[in-house]
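Novice: Shown below is the structure under consideration.
The values are calculated or read from the model by the stated rules, or taken from the named source; none is laboratory data. It should be emphasised that the depicted structure is a prediction, and the values quoted were computed from it without experimental measurement. Neighbour counts are summed over all protein chains in view; Cβ atoms, including those assigned to glycine, are modelled from backbone coordinates with ideal geometry.
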Amino acid sequence: MAKRTFLYDEHIKAKAKIVDFAGWEMPVQYTSIIDEHNNVRKNAGLFDVSHMGEIFVSGKDALAFLQTLFPQDVSKISDTMALYCQFTNENGGIVDDLIVYKLKDNDYLLVVNASRLDVDYDWMMLNKQNFDVAIENKSDVYSMIALQGPKSAEILEQAGYPREKQPKTFHITKDMLIGENVYISRTGYTGEDGFEIIIRNEKVSELWQLLLDKGQTFGIMPIGLGARDTLRLEAAMSLYGNELNEETTPPEAGLKWTVDKDKKEDYIGKKVIQQQIQNGVQKKLIAFKMTDRAIARHGYEIYHNNKKIGVVTSGGISPTLNINIGFGYIKTENNLKINDTIQIMIRNKLYNAQITEKNFIHKHNKGN
Amino acid sequence: MTVKENILCSKSHEYVYEENGSCYIGLTDYAIEQLGDIVFVEMPEIGTQYSKGEIFGTVESVKAASELYMPVSGSVEAINEELIEKPELLNEVDFNEIWLIKVSAEAFEQDIKDLVSYDSYKKEVE
């Protein structure tokens with residue numbers, strides 16, 4: 001049976017449409033995906049992301065252990081900083097993408113995808129070897145709320161957490177809010193300024209209601225998974241299961257910028273990833289916009305000169321730009337570049353699209 | 001909202017009604033509600049002949065594409081051009097005031113035997 005977050009009753013009260021997502025009954029929309037999307041870009045939105053996983057890693061070998069798991073150099077972040085990482089397997093394939101927060105020396109919090117939580121936990125246990133670390137999955141203890149949009153900082157201030165205490169972009173703070181110990185990070189999955197707040201299950205409804213209440217004058221709305229998907233697509237953030245999977249490496253997924261290629265420590269998949277960075281890849285992730293009137297969807301085929309060269313991983317509308325956009329993998333052998341024309345096969349007809357820069361809306365917050 | 005008395009609905013959520021010798025085919029309010037924001041409608045070419053049950057077009061919401069099935073056999077006499085530029089009208093206008101296509105039906109009486117009244121349709125889906 002599907003699991004429910006501790007905010008489920010709030011969603012029902014707000015008349016949300018509920019769907020199954022990664023084994024959870026989650027709100028897909030409250031009013032309209034497009035209205036919700038636009039409201040996050042213009043004002044602010046509140047998301048229930050309690051389905052995401054929280055894994056704590058601590059102990060004297062915590063850093064050394066984490067260094068074996070990611071192509072990223074975890075030693076480069078200081079206390080309270082966040083780092084976007086991927087777990088990679090022996091072939092360089094992505095087991096999951098996640099954010100690693102350094103709370104203090106040898107004390108880390110990993111926020112992972114709901115759909116991969118069990119796999120991630122098993123992966124860490126499998127690779128723990130003789131490292132002196134404690135790996136604690138506390139996903140059943142904590143809920144998580146994302147407050148996103150340009151008005152987020154003002155709303156959080158109104159809710160009792162003043163600006164001067166708020167963490168900077170890609171940082172995390174452990175502090176008191178509504179009389180409760182919480183983790184507040186300045187991260188998100190929308191391309192907007194905003195926060196993600198991790199709080200005990202028992203207190204999440206109170207915080208949800210408080211933020212909606214204090215955010216009212218700023219135009220806050222609860223936002224479902226539908227708009228979460230269109231927001232991240234516009235902001236060019238990958239979705240595990242669509243753009244990322246175990247058969248795809250960070251260089252193929254356009255995540256070379258996240259890899260520390262001079263990292264000294266050995267990590268799982270290093271050989272393949274370094275080789276790909278040096279010699280190039282066979283397939284690569286591209287972003288495109290439709291130039292013909294049609295909508296590309298996950299799984300549609302990509303063509304060039306009447307030959308199949310790839311597949312769409314995510315596609316849909318961009319409510320902000322009012323165009324149809326998407327992502328997909330193509331073979332690199334055709335040397336296609338930005339502005340080149342490709343075709344998408346939609347219901348047995350080819351429609352033109354143009355390869356574009358990856359960030360459709362030119363925002364700079366990267367997160368998960 | 002007043003619902004036209006002669007509206008008949010299919011299991012795949014299209015409706016059809018006859019007026020002045022032509023049949024008008026549209027999408028039920030339940031289907032529109034389930035789809036959410038409609039962002040694209042792909043229409044057939046005028047003059048195309050379809051059998052009952054055949055796909056005549058596609059309606060796309062933010063989340064997904066759904067195919068449209070002919071509730072009766074017939075050839076397309078007209079399409080609702082307005083929906084090409086403004087698919088969101090489907091969310092904004094009473095469902096039975098906004099048809100998708102107009103067809104000349106060949107065997108209307110025969111074809112509507114498995115369709116149900118709007119009231120029974122609503123009872124089934126809700």
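Novice: Would you point out which residue out of A:Lys271, A:Lys358, A:Lys366 is among the basic types (Lys, Arg) and modelled with pLDDT of 95 or more?
Specialist: None of the other options fit; the residue is A:Lys271.
Novice: Shifting gears a bit: When A:Gln86 is evaluated against the numbered criteria (1) under 21 Å from A:Asp118 (Cα atoms); (2) of a type in the set (S, T, N, Q); (3) not in a strand (DSSP E or B), which criterion, by number, is the only one it fails?
Specialist: For A:Gln86, the exception is condition (3).
Novice: Can you name the number of the only condition in (1) farther than 18 Å from A:Leu239 by Cβ; (2) in contact with a Lys or Arg (Cβ under 9 Å, 6 or more places away or on another chain) that A:Tyr121 fails?
Specialist: For A:Tyr121, the failing item is (2).
Novice: Further question: Would a scan of the range B:107-115 turn up a residue that is surrounded by fewer than 21 Cβ atoms within 10 Å (Cβ to Cβ) and within 14 Å of chain A (Cβ to nearest Cβ)?
Specialist: No, the range B:107-115 contains no residue that is surrounded by fewer than 21 Cβ atoms within 10 Å (Cβ to Cβ) and within 14 Å of chain A (Cβ to nearest Cβ).
Novice: Of the residues A:Asn91, A:Asn38, only one is farther than 28 Å from A:Leu321 by Cβ and not hydrophobic (A, V, I, L, M, F, W, C); which?
Specialist: The conditions single out A:Asn91.
Novice: Being surrounded by fewer than 16 Cβ atoms within 10 Å (Cβ to Cβ), of a type in the set (D, E, K, R) and within 23 Å of A:Trp123 (Cβ to Cβ) is the filter here; which residues of the range A:262-290 pass it?
Specialist: Scanning the range A:262-290 gives A:Lys264, A:Glu265, A:Asp266, A:Lys271.
Novice: Give just the number: which of (1) assigned to a helix (DSSP H, G or I); (2) within 28 Å of A:Asn38 (Cβ to Cβ) does B:Gln110 not satisfy?
Specialist: Failing condition for B:Gln110: (2).
Novice: If you don't mind, there's one more thing I want to ask. Scan A:Lys284, A:Lys307 and give me the residue that is without any contact (Cβ under 8 Å) to a residue 12 or more places away in the chain and either more than 14 Å from chain B (Cβ to nearest Cβ) or within 23 Å of A:Asp193 (Cβ to Cβ) (or both).
Specialist: Only one candidate qualifies: A:Lys307.
Novice: Here's something else I'd like to know. Could you go through the range A:164-172 and let me know if any residue there is within 23 Å of A:Val100 (Cβ to Cβ) and either in contact with a Pro (Cβ under 9 Å, 6 or more places away or on another chain) or hydrophobic (A, V, I, L, M, F, W, C) (or both).
Specialist: yes
Novice: Of these, A:Thr313, A:Thr332, A:Thr341, which one is under 30 Å from A:Leu83 (Cβ atoms), surrounded by fewer than 22 Cβ atoms within 10 Å (Cβ to Cβ), among the β-branched types (Val, Ile, Thr) and more than 14 Å from chain B (Cβ to nearest Cβ)?
Specialist: Criteria check complete, one pass: A:Thr332.
Novice: Shifting gears a bit: Filter the range A:262-309 down to the residues that are polar (S, T, N, Q) and either in a helix (DSSP H, G or I) or within 27 Å of the chain's Cα centre (by Cα) (or both) and list them by number.
Specialist: The answer is A:Gln274, A:Gln275, A:Gln276, A:Gln278, A:Asn279, A:Gln282.
Novice: Report yes if A:Asp20 is surrounded by fewer than 18 Cβ atoms within 10 Å (Cβ to Cβ), within 11 Å of chain B (Cβ to nearest Cβ), closer than 15 Å to A:Asp229 by Cα and in contact with a strand residue (DSSP E or B) (Cβ under 8 Å, 6 or more places away or on another chain), otherwise no.
Specialist: Criteria not met by A:Asp20.
To keep it simple, each residue is scored yes or no on (1) aliphatic (A, V, I, L, M); (2) in a loop (DSSP other than H, G, I, E, B).
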position: A:Ile184; (1), (2): yes, no
position: A:Glu192; (1), (2): no, yes
position: A:Glu202; (1), (2): no, no
position: A:Leu212; (1), (2): yes, no
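Novice: If you don't mind, another one. If A:Asn322 meets every condition in (1) out of contact with any strand residue (DSSP E or B) (no Cβ under 9 Å at 6 or more places or on another chain); (2) at negative phi; (3) surrounded by fewer than 17 Cβ atoms within 10 Å (Cβ to Cβ) apart from one, which number is that one?
Specialist: Unmet for A:Asn322, out of (1) out of contact with any strand residue (DSSP E or B) (no Cβ under 9 Å at 6 or more places or on another chain); (2) at negative phi; (3) surrounded by fewer than 17 Cβ atoms within 10 Å (Cβ to Cβ): (2).
Novice: Shifting gears a bit: Quick one: which residue in A:Ile317, A:Ile346, A:Ile361, A:Ile295 is in contact with a Leu (Cβ under 8 Å, 6 or more places away or on another chain), under 29 Å from A:Ala227 (Cα atoms) and not acidic (Asp, Glu)?
Specialist: Going through A:Ile317, A:Ile346, A:Ile361, A:Ile295 in turn, just one is in contact with a Leu (Cβ under 8 Å, 6 or more places away or on another chain), under 29 Å from A:Ala227 (Cα atoms) and not acidic (Asp, Glu): A:Ile361.
Novice: OK, next. Give me the pairs, please: first residue somewhere in the range A:241-255 and under 19 Å from A:Leu117 (Cα atoms), second residue anywhere and buried (at least 18 other Cβ atoms within 10 Å of the Cβ) and charged (D, E, K, R), beta-carbon distance under 9 Å, and either six or more positions apart or on two chains.
Specialist: Qualifying pairs under 9 Å: A:Gly241/A:Arg116; A:Leu244/A:Asp96; A:Leu244/A:Asp97; A:Thr248/A:Lys283.
Novice: Going through A:Asp35, A:Asp73 one at a time, which residue ends up being out of contact with any Leu (no Cβ under 8 Å at 6 or more places or on another chain), within 14 Å of another protein chain (Cβ to nearest Cβ), modelled with pLDDT of 95 or more and over 25 Å from A:Ser139 (Cβ atoms)?
Specialist: Exactly one of A:Asp35, A:Asp73 is out of contact with any Leu (no Cβ under 8 Å at 6 or more places or on another chain), within 14 Å of another protein chain (Cβ to nearest Cβ), modelled with pLDDT of 95 or more and over 25 Å from A:Ser139 (Cβ atoms), namely A:Asp35.
Novice: Which one of these is in contact with a Cys (Cβ under 6 Å, 6 or more places away or on another chain) and β-branched (Val, Ile, Thr): B:Val16, B:Val39?
Specialist: It is B:Val16.
Novice: Something else: Find the residue count for the range B:1-37, including only residues that are touching an Asp or Glu at 6+ places or on another chain (Cβ under 7 Å) and surrounded by fewer than 21 Cβ atoms within 10 Å (Cβ to Cβ).
Specialist: 3
Novice: Suppose we filter A:Glu234, A:Glu243 for residues that are more than 14 Å from chain B (Cβ to nearest Cβ), within 20 Å of B:Lys63 (Cβ to Cβ), surrounded by 17 or more Cβ atoms within 10 Å (Cβ to Cβ) and of a type in the set (D, E, K, R); which single one remains?
Specialist: Exactly one of A:Glu234, A:Glu243 is more than 14 Å from chain B (Cβ to nearest Cβ), within 20 Å of B:Lys63 (Cβ to Cβ), surrounded by 17 or more Cβ atoms within 10 Å (Cβ to Cβ) and of a type in the set (D, E, K, R), namely A:Glu243.
Novice: Select, from B:Thr58, B:Thr28, the only residue that is of a type in the set (S, T, N, Q), within 24 Å of A:Tyr300 (Cβ to Cβ) and under 14 Å from the mean Cα position of the chain (by Cα).
Specialist: B:Thr58
Novice: How many residues does the range A:83-119 hold that are in contact (Cβ under 8 Å) with a residue 12 or more places away in the chain and more than 13 Å from the chain's Cα centre (by Cα)?
Specialist: So the answer is 20.
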